[in-house]
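The next block holds one structure in the form of structure tokens; read it before the comments.
Derivation of every value follows stated rules applied to the coordinates shown; laboratory data play no part. Here the structure is a predicted model, which means the values were calculated and not measured. Note that each Cβ is placed from the backbone with ideal geometry, even for glycine, and that neighbours are counted across all protein chains shown.
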Amino acid sequence: MMRSGKDKAPGRLVLCTGNPGKQAELKALLPDTVELLSLADVGLPSDLPETGSTLEANALQKARYAFERCGLPCVADDTGLEVEALDGAPGVYSARYAGEERDAALNMTKLLRALDGVADRRARFRTVLAFVDAHGERIFEGEVQGVITSAACGSAGFGYDPIFMPEGSALTFAEMGKAEKNAISHRGRAVARLLGFLERYFG
């Protein structure tokens, strides 16, 4: 059973990601009462180990790594795009789909080529957030269903946003404003669950 965290500095939380897009989205979604620290703030590298075979394993690995070295509550994210016609690929390998350089444009190009001529373009984005502190570990998940477009549309967001159109929308994530995307996105839904926990944790 995790305790309230009142024995810690109020509201301090280490965000375990070196991805600027993820940092911006998570900061926009978390309340001002939570003091977010970056990996650089606690003297850690921006590229944490993630060798797991699932999103959950990667998120936990990163949060554990950071907590063991800084001793502060840590939250880490791993996100995957799972395409139905590709048996869930790229999934856990989404960031490195086209190579270790994590080039978003190359990743999208490879995915669009893989789906060339494929009628079933259903996909889902899934985010897993792992929270780790001295008293335990928690997992918070969020997902959104949608389709892969035939070409990139929009310039906002990051990653696969220009080719992912969420269910019920005529816009890709990259064509949406930040608030519009955050209201329905996989990351927004995962963070909403995290927020409910943080209100109790830092309360």
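For residue 14, the residues whose modelled amide H falls within less than 5 Å of its own, excluding neighbours fewer than 5 places apart on the same chain, are 37, 74, 75.
Here the relative contact order of the chain, from alpha carbon pairs under 8 Å that lie six or more residues apart, stands at 20 percent.
Each part gets one Cα centre, and for the range 106-166 versus the range 78-98 those centres are 8 Å apart.
Mean-square fluctuations from a GNM of the chain, with a 10 angstrom spring cutoff on Cα atoms, peak among 11, 99, 188 at 99. When both bridge partners sit in the chain, DSSP labels roughly 85% of those beta bridges antiparallel. For the chain, place one equal point scatterer on every Cα, skip the solvent, and apply the Debye formula. What is log10 of I(q)/I(0) at q = 0.14, 0.17 Å⁻¹? Reported log10 I(q)/I(0), two decimals: -0.79, -1.12. For residue 110, the aspartates and glutamates whose Cα comes closer than 15 Å to its Cα, not counting residues fewer than 8 places off in the same chain, are 82, 100, 101, 161. Highest mobility in the GNM of the chain, judged by mean-square fluctuation with C-alpha springs under 10 Å and restricted to 76, 95, 156, is found for 156. The label-point distance for residue 24 and residue 150, in a model that sets each label 7 Å from Cα toward Cβ, rounds to 3.0 nm.
Each Cα pair of the range 129-173 feeds into the Kirkwood radius, which the Stokes-Einstein equation turns, at 10 °C and 1.306 mPa s, into a diffusion coefficient of 126 µm²/s.
Counting beta carbons within 10 Å around each of 199, 25, 100 and listing the fewest first gives the order 100, 199, 25. A simple rule links phi to the HN-Hα coupling: the Karplus curve 6.51 cos²θ - 1.76 cosθ + 1.60 with θ = phi - 60°, which for the range 110-115 gives 4, 5, 4, 5, 5, 9 Hz, with x for Gly and Pro.
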